[in-house]
Amino acid sequence: ESFRTFKLNNEYIIGLTALNGPFVLDHSTLKITEYFRQAQYLNHLPEDWHIVWGPEVVQNTISSLIGLGIFLPETENLQVQRVEESPVTLSAWLHITDRCNLRCAYCYLPHKRKDMSLETGIAAIDGVIRSALKHGYSHVKLKYAGGEPILRFSVVKEMHRYALEQAKIKGVALDGVVLSNGTLLTKEIVTELQSMNLRLMVSLDGINESHDQQRFYANGHGTFDDVVQGIQHALNLGIVPDISITVT
């Protein structure tokens, strides 16, 4: 099967195939892959491969490439027809507020006291559901974000209640998630999230100081302990949050 390659760094190459999407190869694996661009017998491999890499490494590499679908038998029908499935979910990010109780090292927001009004939120929800129906989406996902959306949790609740009502009326499945830094999560808030079937995503950039050096309060104090406590509140009440990690 034909594929394209792009240099990632001095050790690794990114490859793209029409059927299997992206993969990462080191340079020696790329050399093996290049050899099989044209059909070759597996029992007629270059002798220097076994000398340089060893027979076991060569065999394991080829087995992995076969298992990934990058190598295919010549007798196999290569005219694989990909079924392009239309997406069923329309996602929308609702920026509830610019305000935040953190001052993360990499954050690009100005932290101004600017909020999305309830009226704007309702209009946005109407627009998303209208677009979903117009373009044939059966699901809508609303992401309540900021800033820190928990600072305006009462508005998030009102928006989501409205979204639930409208989704039911319009016959659209609805999924909602709150994207939070986790520091303000309480048992009461988690209970309300659960009652509204709202999912939770929490930002956590590492353990202890690895997190604290990136995500801290305005006074410079780290937030790791408070985030872990918030996550624990969620776990104790049956919500398993997704974890968002920012790599810097």
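The values are calculated or read from the model by the stated rules, or taken from the named source; none is laboratory data. What you are looking at is a predicted structure, and each value in this text was computed from that prediction instead of being measured. Cβ sites come from the backbone with ideal geometry, for glycine too, and all protein chains shown count toward neighbours. Only protein heavy atoms, including side chains, enter the accessible area calculation; ligands, DNA and RNA are left aside. Shrake-Rupley method; radii C 1.70, N 1.55, O 1.52, S 1.80 Å.
Semi-axis lengths, largest first, of the ellipsoid equivalent to region 119-189 are 24, 11, 11 Å, with √(5λ) applied to each eigenvalue of the Cα gyration tensor.
Count the DSSP beta bridges whose two residues both fall in the chain, then state the antiparallel fraction as a percent rounded to the nearest 5. Antiparallel: roughly 40 percent of the beta bridges in the chain.
With helices as the sole contributors, the chain gives -11000 deg cm²/dmol at 222 nm; each DSSP H run of n ≥ 4 counts as -39500 (n - 2.57), and the sum is divided by every residue.
Counting only cysteine Cβ atoms and a cutoff under 4.7 Å, the chain contains unmatched residues CYS100. Among the protein heavy atoms, those of PHE216 account for about 50 Å² of accessible surface (1.4 Å probe, every chain in place).
Name all residues of region 166-208 having a backbone nitrogen under 15 Å from the label point set 7 Å from the Cα of ASP126 along its Cα→Cβ direction, giving them as ranges. Residues 166-167, 170 fall inside that zone.
Using +1 at the C-beta of Lys and Arg and -1 at the C-beta of Asp and Glu, which of SER180, HIS211, HIS27 has the Cα lying farthest in the positive direction of the dipole of the chain? Going by the Cα projections, it comes out as SER180.
Taking amide hydrogens as placed 1.01 Å from N in the peptide plane, the amide H of VAL140 sits under 5 Å from those of LEU90, ALA173, LEU174, ASP175, each at least 5 positions away in sequence or on another chain. Using a Gaussian network model of the chain in which every pair of alpha carbons under 10 angstrom is joined by a spring, one finds that among LEU118, LEU90, LEU45 the greatest mean-square fluctuation is at LEU45. Pairs of Lys residues in region 101-224 are counted when their Cα atoms are under 23 angstrom apart and they lie 8 or more places apart or on different chains; the count is 17. The residues of the chain present an accessible area of 61 Å² per residue when probed at 1.4 Å with all protein chains retained.
3J(HN,Hα) couplings calculated from phi for region 35-50 with the Karplus curve 6.51 cos²θ - 1.76 cosθ + 1.60 (θ = phi - 60°) are, in sequence order, 4, 9, 4, 10, 4, 9, 7, 5, 8, 10, 8, x, 5, 5, 4, 5 Hz; Gly and Pro show x.
Max-minus-min Cα coordinates of region 25-179 on each principal axis give 71, 41, 19 Å, with the largest extent listed first.
Relative contact order, whole percent, for the chain stands at 14, derived from Cα pairs under 8 Å and 6 or more residues apart.
Each residue, HIS44 and VAL24, gets one label point 7 Å from its Cα in the Cβ direction; the gap between the two is 3.5 nm.
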